[in-house]
Amino acid sequence: MFRQGPTKFELMSLDDCEFENPWKESFKQLYTGVHVRLGCKEMYTDNLSGRDILCFDTIEGALSATRGVDSPLIFLHANKYTGEGLQIDNDAKIIGAAPGNVADNVILETDRESTVIFVEGAQNAYIGFVTLKFSPDIVASSAQHHKHYCLEVRENCAPTIDHCIIRSLSAGTFKSTKLRTVSYEYS
């Protein structure tokens, strides 16, 4: 995976890469990025080699730790992240990181609040290669979830939503005032 611009990431073969040393560029991104993976502290901290990769068990933990950081790069490893409605108010770059079809293996799902909300401050935010799900209990809460969505983009921001699968059991899948680039599958 290589960064191609401020809010563009692509998976590409070595033959198509423009970097002199694509492995070095990829390693640099992985090493300097923030990782979200259950049990990652034990995996990524190695006192013998001096490695200390920043990692968290929750997405909200990673977002909180990167407040004030200019365009933090956050890798979401394979998992189903449930109950974490995210409100993004900075230019965070959130990327799914998993084997196979990445978006099928990195899932963000809520049942009461909007799954992902971009608010003012997320002018150049990015989310890609993940599945976003909103799965309210329609029978029990039909009147309560009508103002919540799988993806919500509020005023004064223009995030990039790229290679995401968006699934919602609600009548409204997403609410947007402005999107720059959207590439998604809807089911």
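Restricting attention to segment 159-171 and to residues that are surrounded by 16 or more Cβ atoms within 10 Å (Cβ to Cβ) and more than 17 Å from Gly121 (Cβ to Cβ), the residue that is modelled with the lowest pLDDT turns out to be Ser170.
The rows are residues; the columns are (1) closer than 22 Å to Arg167 by Cβ; (2) modelled with pLDDT of 90 or more.
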{"residue": "Phe56", "(1), (2)": "no, yes"}
{"residue": "Ala62", "(1), (2)": "no, yes"}
{"residue": "Leu86", "(1), (2)": "yes, yes"}
{"residue": "Lys93", "(1), (2)": "no, yes"}
{"residue": "Glu113", "(1), (2)": "yes, no"}
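In segment 136-164, the residues that are within 24 Å of Val102 (Cα to Cα) form Cβ pairs under 6 Å with partners that are modelled with pLDDT under 80 and among the aromatic types (Phe, Trp, Tyr), at six or more places apart or across chains, as follows: Tyr149/Phe174; Cys150/Phe174; Leu151/Phe174; Cys164/Tyr184. Just so you know, in segment 62-78 the residues that are polar (S, T, N, Q) and either assigned to a loop (DSSP other than H, G, I, E, B) or in contact with a Lys or Arg (Cβ under 8 Å, 6 or more places away or on another chain) (or both) include one that is nearest to Ala103 (Cα to Cα), and it is Ser71. Could you tell me which residue of segment 97-128 is farthest from Tyr31 (Cα to Cα), considering only residues that are among the hydroxyl-bearing types (Ser, Thr, Tyr) and outside any loop (DSSP other than H, G, I, E, B)? For segment 97-128, the residue satisfying everything is Thr110. Annotation: of all residues in segment 91-102 being crowded, with 20+ Cβ neighbours inside 10 Å and either of a type in the set (Gly, Ala, Ser) or in contact with a helix residue (DSSP H, G or I) (Cβ under 9 Å, 6 or more places away or on another chain) (or both), the one that is farthest from Leu132 (Cα to Cα) is Ala92.
The values are calculated or read from the model by the stated rules, or taken from the named source; none is laboratory data. Owing to the predicted nature of the structure, the values given are computational and were not obtained by experimental measurement. Because the Cβ atoms are built from the backbone with ideal geometry, glycine has one as well, and the counts that use them run over all protein chains shown.
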